[in-house]
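Presented below is the structure to which this report refers.
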Protein chains: 2
Amino acid sequence: MTVRKRPVSNLLGLAVLGLLLEQPMHPYEMAATLREREKDASFKVKTGSLYDVVESLVRAGWIAEHSTERAGRRPERTVYAHTELGRKEFMSWLDELVRTPVKEYPSFLAAVSYLGALGPERAVQALGERIARLDEQIDEARQAQADVLSQHTPRLFVIELEYALTMAEAERDWARQIVGEIQNGTLTWPELITREGRQVWTDHDETEGQQA
Amino acid sequence: MTVRKRPVSNLLGLAVLGLLLEQPMHPYEMAATLREREKDASFKVKTGSLYDVVESLVRAGWIAEHSTERAGRRPERTVYAHTELGRKEFMSWLDELVRTPVKEYPSFLAAVSYLGALGPERAVQALGERIARLDEQIDEARQAQADVLSQHTPRLFVIELEYALTMAEAERDWARQIVGEIQNGTLTWPELITREGRQVWTDHDETEGQQA
DNA sequence: ACCCATATATTCGGAACCGACTATCTGAGT
DNA sequence: ACTCAGATAGTCGGTTCCGAATATATGGGT
């Protein structure tokens, strides 16, 4: 069973398919609808990409041109609809995305990988600011969530907001913990010494070890 | 104070700078070193991108050609070193990455945004499998971490593994909670009805509301 | 009447990204 | 001696991605 690569990798394609499953639409309306529903927090909605993605979905036969209309002398609009294949592929794509964890490379992971280079004081400073900003964003997100729910939107339709909140809180809590550990000396900076023209780090309880 | 856009957006550039701060290197050695140190879990190390990134760092004046050597008849190697500007920019880039949360678009967030489309049974199935896979990956990561630490590597140098572990656990726990809520009826699927040719969802305690 | 900010709707060129390829060298195993 | 997998080192071309530009319509304010 070769897992034939998906013809569209951009996740925006999933959103497009999801929308067309409800009703035919032209690209601009897709973008507008995604923004209305706050799905632009989950999908990177860039007009440039949107038209490219729609084109490749057409090439793949997952969606098809439904009609073209023109209102006044504005640019012509092409309305698309999903195909039967598209409906099936949407389900299987979605299923796979939920089932299979994918290795991703968030920028904070990269940054933390070099946290040592900042030195303890500057690391505490920077992490402190991140924590403050995350706190703000968490408050705002909670507010936005409450607003949506108060308008009778079923919780299931905004469940991703709960996920995003949970993850933001986890990150904030981790950062707080690290700040604590730096301050109380649980997480220490190895002494930097230079030997033979290259940098080598010593651990205080180290006798002869060294890292490449 | 205009925040002049950084000339290199690829985070691999941060890793390159970090390595060159230690000693001059040629690109292939950078990739090898990053893999040895398990930093390829934090940075997407693709040879193609690596050479592009190095080139743009040179254009930006953050690194510079140091020398070129040739061993036998193998392709010539170009060794690079950081510049003084590069050292400063590395620090400020790193500082900013730690300080400032960036909106990112992980694929699971996208998937969860359409969780409703799977229906309750299939959602539980798929989430269940994700949980199992995350459990495996968490075990492996913990093992890898223990291995590195047992070799006298200072904890600070692999602190990103702790971050990654924390986040993976948070995701797994959230998924577990959602599975629980679906199963005990706390998280429900609104009934789907069709009106006027488009799909409309009704909430069971809803009297006249409807969602666009 | 007129202005212009915002909404409507899409196109395009250049940058970024990366899979696949080239080519040589080394060393373990037979 | 010979082979072949894996390491060494880098190039190249085709997508993919997206910022910026284009062009028209609408509506609120003076």
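Overall, chain B carries a charge dipole of about 1100 debye about its Cα centre when +1 sits on the Cβ of Lys and Arg and -1 on the Cβ of Asp and Glu, all other atoms neutral.
Distances from residue A:165 to itself in the other copies, using label points 7 Å out along the Cα-Cβ axis, amount to 2.9 nm in increasing order. Between residue A:151 and residue A:173, what is 0.36 nm times their sequence separation minus the Cα-Cα distance? Round to one decimal in nm. Extra length available between residue A:151 and residue A:173 comes to 4.8 nm.
Any idea what the residue A:143 label distances to the other copies are, label 7 Å down the Cα→Cβ vector, nm, shortest first? In ascending order, 4.8 nm.
Loop-located trypsin sites (Lys or Arg not before Pro) across the stretch A:112-186 with a Cβ neighbour count of 10 or fewer within 10 Å are lacking, with loop assigned by DSSP.
What are the trypsin sites (Lys or Arg not before Pro) within the stretch B:10-112 that DSSP puts in a loop, where the Cβ has at most 14 other Cβ atoms within 10 Å? Display every interim value, and only then the final one.
On the way: sites: B:35, B:37, B:39, B:44, B:46, B:59, B:70, B:73, B:77, B:87, B:88, B:99, B:103; in loops: B:37, B:44, B:46, B:70, B:73, B:103.
Sites meeting the loop and neighbour criteria: B:46, B:70, B:73, B:103.
For chain A, modelled as a GNM whose springs connect Cα atoms under 10 angstrom apart, the maximal fluctuation among A:100, A:188, A:78 occurs at A:100. Size descriptors for the stretch B:9-78: radius of gyration and Dmax over Cα atoms are 11.9, 36 Å.
For A:90-97, what's the mean count of beta carbons from other chains sitting within 10 Å of each residue's beta carbon?
On the way: counts 2, 5, 0, 3, 11, 8, 3, 10.
Mean shielding by partner chains, rounded to a whole number: 5.
No value in this document is a laboratory result; all are computed from the given coordinates. Because the structure is a prediction, the values reported are computed rather than measured. Because the Cβ atoms are built from the backbone with ideal geometry, glycine has one as well, and the counts that use them run over all protein chains shown.
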